[in-house]
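Engineer: Sharing a structure below in structure tokens format, with a few things to ask.
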Amino acid sequence: MAVASAPKKGKAEAANTFRALLVELPIYAALVTGYFFLVLHFLADWLGSLHAHHTTTYALVSIVLIIGQAVVLEWVTTLLLRLVRGRSE
């Protein structure tokens, strides 16, 4: 009987993972879009000037912005999912 229940458990786990993906994807899309427009609005002139005059510094700042975006996105998404799951359970 354990062999017969293993595929059902795997399918249920896959369904939960897929459901989590469907919840996380729109959250990520909204946050990335918001981040893009915030950076564009507040940092566009400075980044353009940095790119024109200090290419190496521009590259380092860009990498820091990318890493910072990833860390903050992961943190915010985890927090939102914990809040949603906490209310539904």
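Engineer: Based on alpha-carbon positions alone, could you give the equivalent ellipsoid semi-axes of the chain from the gyration tensor, as √(5λ), descending, whole Å?
Structural biologist: Gyration-tensor ellipsoid for the chain: 41, 15, 10 Å.
Engineer: Mean residue ellipticity at 222 nm from the helices of the chain, using -39,500 (n - 2.57) per DSSP H segment of n ≥ 4 over the full residue count, to the nearest 500 deg cm²/dmol?
Structural biologist: -36000 deg cm²/dmol
Engineer: Kindly express, to the nearest 10 degrees and within the range 0 to 90, the angle between helix 2-53's C-alpha long axis and the longest C-alpha principal axis of the chain.
Structural biologist: Between helix and principal axis, roughly 10 degrees.
Engineer: Just grab the label-to-label distance for Lys11 and Thr33, each label 7 Å out from Cα along the Cβ direction, in nm (one decimal).
Structural biologist: Each label point is offset 7 Å from its Cα along the Cβ direction, giving 3.5 nm.
Engineer: Multiplying the sequence separation of Ile66 and Leu83 by 0.36 nm and subtracting their Cα-Cα distance, what value in nm do you get?
Structural biologist: Working: separation 17, 0.36 × 17 = 6.12 nm, distance 2.57 nm.
Additional length available on full extension: 3.5 nm.
Engineer: Here is a follow-up. Run the quick spin-label model on Leu21 and Leu73: label points 7 Å from Cα toward the beta carbon, then report their separation in nm to one decimal.
Structural biologist: Taking the simple label geometry, Leu21 and Leu73 are separated by 1.7 nm.
Read the figures in this text as sums done on the coordinates, not as results from a lab. For clarity, every value in this text was computed on a predicted model and none was experimentally measured. Virtual Cβ from ideal backbone geometry, glycine too; neighbours counted across all protein chains shown.
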